[in-house]
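J.: Sharing a structure here in structure tokens format.
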Amino acid sequence: MDPQFSRTLNPAPATKAQRDAIFADPGFGRYFSDHMVTVKWSAGAGWHDPAVVPFAPLQLSPAAMALHYGQTIFEGLKAYRQPDGSIATFRPDANAARFRGSAARMAMPELPDELFLTSLSELLAVDHEWVPAAGGDHSFYLRPFMLATEPGLGVRPAAEYLYILIGGPAGAYFPGGSIVPVDVWLTTDYTRAALGGTGTAKCGGNYAASLLPQAQAAAHGCAQVAYLDAVERTWIEEMGSNNMFFVFGSGEQAEVVTPSLTGTILSGIIRDSVLVLAKELGCQVTERRVSGQEVLEGVADGRITEIFGSGTAAVVAPIGGVKHAGGEVRVAGDEPGEVTMKLRGMLTSIQCGTAPDTHSWMRTLVPA
Ligand SMILES: *Cc1c(COP(=O)(O)O)cnc(C)c1O
């Protein structure tokens, strides 16, 4: 494949005034920059036609296989304006690798890492003005995804796919900057993933399946769903789009515990980074099975002092309570815990370029 991306500029890009109005309150996933990247794949030609084009609706056959049998996968990562004006992103090589893993599980072609990474810098080369200023807690959310475009209703892997990268400004996950713990609903009605299923892939169907339990959680005043394993209905796995951490004890004795990756849990990049940073913080770090029972009892008797979720969107988000069909437990007096906030601070300062990147996690997409 010719690795050179063609470039067709948007004839009517947003004005600075329009962008500034969006920057005032970007929210999440509501506004998109002027361009997108597309790369085609076909069984005959492999990956071809990498292009930067104006952000625009797709033309798709109503028989496109993605619309019927759900061959769609995605990734999510953020680009941050650095203090020197450059634009960098956090561990995108891990997103590229996970995207290949998701593709493999869904019988889709694997996008080479180099193409994935180049697509990020190609988009921001033309849309760098869409990346919010340094110093705030705004970022630019990048959404790479792939879908089966071949028309046909036979149930088999499609022979044509489209990789697309879109992106847009993202506001602070916690509006107003104050980190407010959220409640989670420990569901016993639904499960997220079974061994041999698609739990470790970021495929669209997993999120469609999460919407009903999510609505049930919302009806109980919870922002997130915590899932138990599908076989024993005993072991905590994760939340709908965040991995889960439990802090036992406090201070020098703090132990940071997260469920081990047993083949049903999405391998979060923030999860992996938290495990590294918690060790640096001096915490004991343990990956093991954690039962719902242990969590409810541990919070009630004070052994578990903090619970938090990890994921690209929220980075690290404290959990204030765990609710379930039989009642609820409150965590850490509904205040963000000390270890939670330290880990959050360590991660966000690496991402924003205000702390040294000792792990070489940051990758520059657009130089200063
Ligand atoms: C994306 C996702 C996460 C978080 O992954 P990060 O790489 O840390 O953003 C966790 N759980 C599920 C189910 C996810 O889809």
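J.: Among (1) under 24 Å from Thr200 (Cβ atoms); (2) out of contact with any strand residue (DSSP E or B) (no Cβ under 7 Å at 6 or more places or on another chain), which single condition is Asp84 missing?
T.: The single condition Asp84 does not satisfy is (1).
J.: Could you tell me which residue of segment 230-253 is farthest from Gly197 (Cα to Cα), considering only residues that are open to solvent by less than 20 Å² (accessible area, probe 1.4 Å) and over 17 Å from the mean Cα position of the chain (by Cα)? Working first, answer last.
T.: Taking segment 230-253 first, the residues open to solvent by less than 20 Å² (accessible area, probe 1.4 Å) are 236-240, 242-247.
Among the residues that remain, those that are also over 17 Å from the mean Cα position of the chain (by Cα) are: 236, 246-247.
Values: Ile236: 17, Phe246: 26, Val247: 29 Å.
Checking each candidate, the answer is Val247.
J.: Given the options Ser250, Ser260, name the one that is among the hydroxyl-bearing types (Ser, Thr, Tyr), at pLDDT 95 or above and either assigned by TED's automatic domain parsing to the domain that holds Phe308 or within 16 Å of the ligand (Cβ to nearest atom) (or both).
T.: Working: Ser250 fails: at pLDDT 95 or above.
Within the list Ser250, Ser260, the selection yields Ser260.
J.: From the set of residues in segment 162-188 that are open to solvent by less than 20 Å² (accessible area, probe 1.4 Å) and under 14 Å from Ile73 (Cα atoms), which is nearest to the chain's Cα centre (by Cα)?
T.: Result: Leu165.
J.: Next question. Restrict the check to segment 12-30 and report whether at least one residue is of a type in the set (Lys, Arg) and either assigned by TED's automatic domain parsing to the domain that holds Arg271 or not in a loop (DSSP other than H, G, I, E, B) (or both).
T.: Step one: filter segment 12-30 for residues of a type in the set (Lys, Arg), giving 16, 19, 30.
Retained after the next criterion (residues that are either assigned by TED's automatic domain parsing to the domain that holds Arg271 or not in a loop (DSSP other than H, G, I, E, B) (or both)): 16, 19.
Yes, segment 12-30 contains at least one residue that is of a type in the set (Lys, Arg) and either assigned by TED's automatic domain parsing to the domain that holds Arg271 or not in a loop (DSSP other than H, G, I, E, B) (or both).
J.: Next question, about the same structure. With respect to Ala159, determine if the residue is at negative phi, surrounded by fewer than 18 Cβ atoms within 10 Å (Cβ to Cβ), in the same structural domain as Pro57 (by TED's automatic domain parsing) and of a type in the set (A, V, I, L, M, F, W, C). Outline the logic, then answer.
T.: Numbers: at negative phi: yes; surrounded by fewer than 18 Cβ atoms within 10 Å (Cβ to Cβ): yes; in the same structural domain as Pro57 (by TED's automatic domain parsing): yes; of a type in the set (A, V, I, L, M, F, W, C): yes.
Judged against the criteria, Ala159 is a match.
J.: Every residue in segment 179-210 that is within 13 Å of the ligand (Cβ to nearest atom), out of contact with any strand residue (DSSP E or B) (no Cβ under 6 Å at 6 or more places or on another chain) and not β-branched (Val, Ile, Thr), please.
T.: Those that are within 13 Å of the ligand (Cβ to nearest atom), out of contact with any strand residue (DSSP E or B) (no Cβ under 6 Å at 6 or more places or on another chain) and not β-branched (Val, Ile, Thr): Ala193, Gly197, Gly199, Ala201, Gly205, Asn206, Tyr207, Ala208, Ala209, Ser210.
J.: Residues of segment 95-116 being buried (at least 18 other Cβ atoms within 10 Å of the Cβ) and of a type outside the set (D, E, K, R), which ones?
T.: Matches in segment 95-116: Asn95, Ala96, Phe99, Ser102, Ala103, Met106, Met108, Pro109, Leu111, Leu115, Phe116.
J.: Please go through segment 117-140 and pick out each residue that is of a type outside the set (Val, Ile, Thr) and open to solvent by 30 Å² or more (accessible area, probe 1.4 Å). First the steps, then the outcome.
T.: At the first step, the residues of segment 117-140 found to be of a type outside the set (Val, Ile, Thr) are 117, 119-125, 127-130, 132-140.
Once the filter is applied, which keeps residues that are of a type outside the set (Val, Ile, Thr) and open to solvent by 30 Å² or more (accessible area, probe 1.4 Å), segment 117-140 yields Ser121, Glu122, Ala125, His128, Glu129, Ala133, Ala134, Gly135, Gly136, Asp137, His138.
J.: Of the numbered conditions (1) surrounded by fewer than 15 Cβ atoms within 10 Å (Cβ to Cβ); (2) closer than 17 Å to Asn243 by Cβ, Tyr227 fails exactly one; give the number of that condition.
T.: It is condition (1) that Tyr227 fails.
J.: Oh, and also: Kindly check whether there is at least one residue in segment 190-208 that is touching a helix residue (DSSP H, G or I) at 6+ places or on another chain (Cβ under 8 Å), of a type in the set (Phe, Trp, Tyr) and within 27 Å of Val339 (Cβ to Cβ).
T.: no
J.: Give Val274, Val295, Val290, Val225 a once-over and let me know the one that is more than 16 Å from the ligand (Cβ to nearest atom) and at pLDDT 95 or above.
T.: Working: Val274 fails: more than 16 Å from the ligand (Cβ to nearest atom); Val290 fails: more than 16 Å from the ligand (Cβ to nearest atom); Val225 fails: more than 16 Å from the ligand (Cβ to nearest atom).
Only one candidate qualifies: Val295.
J.: Additional query: Take the residues of segment 228-241 that are out of contact with any helix residue (DSSP H, G or I) (no Cβ under 8 Å at 6 or more places or on another chain) and within 16 Å of the ligand (Cβ to nearest atom): which is farthest from Ile304 (Cα to Cα)?
T.: Taking segment 228-241 and keeping what is out of contact with any helix residue (DSSP H, G or I) (no Cβ under 8 Å at 6 or more places or on another chain), we get 229-233, 237-239.
Then drop every residue that is not within 16 Å of the ligand (Cβ to nearest atom), which leaves 229-230, 237-239.
On the way: Asp229: 21, Ala230: 24, Glu237: 17, Glu238: 17, Met239: 18 Å.
Within segment 228-241, the match that is farthest from Ile304 (Cα to Cα) is Ala230.
J.: Let me ask something else about it. Identify the residue in segment 303-357 that is charged (D, E, K, R), out of contact with any strand residue (DSSP E or B) (no Cβ under 6 Å at 6 or more places or on another chain) and over 16 Å from Arg91 (Cβ atoms) and, among all such residues, is modelled with the lowest pLDDT. Walk me through it before giving the result.
T.: The initial filter retains those residues of segment 303-357 that are charged (D, E, K, R), namely 303, 306, 323, 328, 330, 334-335, 338, 342, 344, 357.
Now drop any that are not out of contact with any strand residue (DSSP E or B) (no Cβ under 6 Å at 6 or more places or on another chain), which leaves 335, 338, 342, 357.
Restricting the remaining residues to those that are over 16 Å from Arg91 (Cβ atoms) gives 335, 338, 342.
Numbers: Glu335: 93, Glu338: 96, Lys342: 97.
In this case the residue turns out to be Glu335.
J.: Now for a different question. Would you check which residues across segment 194-218 are free of Cβ contacts under 8 Å to residues at least 12 places away in the same chain and either in a strand (DSSP E or B) or under 16 Å from Val322 (Cβ atoms) (or both) and list them?
T.: Matches in segment 194-218: Ala218 only.
J.: Right, next: May I ask you to say which residue of Thr15, Thr72, Thr38 is at pLDDT 95 or above and in contact with a helix residue (DSSP H, G or I) (Cβ under 7 Å, 6 or more places away or on another chain)?
T.: Details: Thr15 fails: in contact with a helix residue (DSSP H, G or I) (Cβ under 7 Å, 6 or more places away or on another chain); Thr38 fails: in contact with a helix residue (DSSP H, G or I) (Cβ under 7 Å, 6 or more places away or on another chain).
Within the list Thr15, Thr72, Thr38, the selection yields Thr72.
J.: Identify all residues within segment 119-162 that are at pLDDT below 95 and among the charged types (D, E, K, R); write none if there are none.
T.: Correct list: Asp137 only.
J.: (1) away from the ligand (no atom under 16 Å from the Cβ); (2) touching a residue at least 24 places away in the same chain (Cβ under 8 Å); (3) assigned to a helix (DSSP H, G or I): which one isn't true of Ala107, the others all being true?
T.: Every condition holds for Ala107 apart from (3).
The values are calculated or read from the model by the stated rules, or taken from the named source; none is laboratory data. Note that the structure is a prediction, hence the values are computed from the model and not measured. So basically every Cβ, Gly included, is an ideal-geometry build from the backbone, and we count neighbours across all protein chains shown. Side chains are part of the model used for accessible areas, which takes the heavy atoms of the whole protein and leaves out ligands, DNA and RNA. Shrake-Rupley method; radii C 1.70, N 1.55, O 1.52, S 1.80 Å.
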